[in-house]
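Undergrad: A single structure is presented below for examination.
The values are calculated or read from the model by the stated rules, or taken from the named source; none is laboratory data. Since we're looking at a predicted model, the values are computed, not measured. We place every Cβ from the backbone using ideal geometry, glycine too, and count neighbours over all the protein chains shown.
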Amino acid sequence: DWSTRGILDEQVSRIREQIGDSRVICGLSGGVDSAVAAALVQRAVGDQLTCVFVDHGLLREGEAEQVERDFVAATGVNLYVANEQERFLSALAGVTDPEQKRKIIGREFIRAFEEAERQIIAQAAAEGETIRFLVQGTLYPDVVESGGGEGAANIKSHHNVGGLPEDLKFELVEPLRALFKDEVRAVGAELGLPPEIVGRQPFPGPGLGIRIVGEVTGERLDLLRKADAIARAELTAAGLDDEVWQMPVVLLADVRSVGVQGDGRTYGHPIVLRPVSSEDAMTADWSRLPFELLARISNRITNEVDGVNRVVLDVTSKPPGTIEWE
Ligand code: XMP
């Protein structure tokens, strides 16, 4: 519509003005924000942009492919991929505290990103160019919740804001800083990004790392990825994607309960479904999903995911609960 086109045109000309003919890099997280920010910058300055995707192994099923294949196909962007799954797993070994996990993931992310940066800087130097700018997909609610807004409290240390190294050598380009999520999606659609990318639920930077209550291991990640993929597929099949802001699927890895499956007693982990409705993630209500859908998700997860013998529903609004469990 006209207002989306207006935002797009305004941002594209602002980006051009800011960047000029310099080189710029952008990290892709797998989320809609960085995808739209990158696509906007690509629209504005084309091949002056190089995107970096640090695959930390904490994404949901199919999401790395979505970045590496679908996003590149839609935008034609230059992409540098760093496969860092092992690095994050070893850094997270033995860690259970949520803020500690965020700090470690944020720290390793910066290190991995800087290593990728050095490669790209060297490549540009070989062509007689320097990288002057860095794109960030920061939204208005991120700014407010991280204490960047007027008098707002720092609720959780979102690593996509304020987690940058002190000696930051780039000037920031933040084309989404004044926008709410629905505006970002509209701009992405206007830019021709595929619906799977534009319609993607908001997903935290630390990814599945903060959806495992307990230590993060490769095995637990695989388990959670399966449960999450089932829940998402069923939500989509029920045609309810638009009713739900996001639906974290959480593994309570430190909790076990007794169950019975086949002819045996089991002692497995619960999976929590946390579907919420929200305008901007600042407040949220739990989504009243149809019982038949909940039953289908529960049956499929307990039947198909080894080690899970119970599915529970989170019926807490925000406040007092946050959307994520960690
Ligand atoms: P909470 O759990 O604070 O989440 O109600 C609000 C919104 O922020 C997302 N979230 C994060 N995003 N890094 C991010 O980039 C984080 O550490 C983080 N923690 C929460 C969450 O998914 C929800 O959309």
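Undergrad: Can you tell me which condition residue 197 does not meet? The list is (1) within 21 Å of residue 102 (Cα to Cα); (2) not in a loop (DSSP other than H, G, I, E, B); (3) not aromatic (Phe, Trp, Tyr), and all the others hold.
TA: Going through the list (1) within 21 Å of residue 102 (Cα to Cα); (2) not in a loop (DSSP other than H, G, I, E, B); (3) not aromatic (Phe, Trp, Tyr), residue 197 breaks only (1).
Undergrad: In region 269-321, which residue that is surrounded by 16 or more Cβ atoms within 10 Å (Cβ to Cβ), within 16 Å of the ligand (Cβ to nearest atom) and of a type in the set (Val, Ile, Thr) is nearest to residue 139 (Cα to Cα)?
TA: Checked region 269-321; the qualifying residue nearest to residue 139 (Cα to Cα) is 276.
Undergrad: Only one residue in 251, 223 is assigned to a helix (DSSP H, G or I) and buried (at least 16 other Cβ atoms within 10 Å of the Cβ), so which one is that?
TA: On the way: 251 fails: assigned to a helix (DSSP H, G or I).
Result of the check over 251, 223: 223.
Undergrad: Determine which single condition residue 112 fails, assuming it passes every other condition in (1) assigned to a helix (DSSP H, G or I); (2) closer than 25 Å to residue 16 by Cβ.
TA: Result: residue 112 passes all but (2).
Undergrad: Considering only region 266-301, state which residues are without any contact (Cβ under 8 Å) to a residue 40 or more places away in the chain and touching a Phe, Trp or Tyr at 6+ places or on another chain (Cβ under 6 Å).
TA: Across region 266-301, the qualifying residue is only 277.
Undergrad: I'd like the full set of residues that are part of a strand (DSSP E or B) and farther than 22 Å from residue 219 by Cβ, limited to region 260-307.
TA: 260, 276, 277, 284, 285, 286
Undergrad: Now for a separate question. How many residues are closer than 24 Å to residue 83 by Cβ and free of Cβ contacts under 8 Å to residues at least 40 places away in the same chain when one looks only at region 9-46?
TA: 1
Undergrad: Identify the residue in region 234-248 that is assigned to a helix (DSSP H, G or I), modelled with pLDDT of 95 or more and more than 12 Å from residue 294 (Cα to Cα) and, among all such residues, is farthest from the ligand (Cβ to nearest atom).
TA: 237
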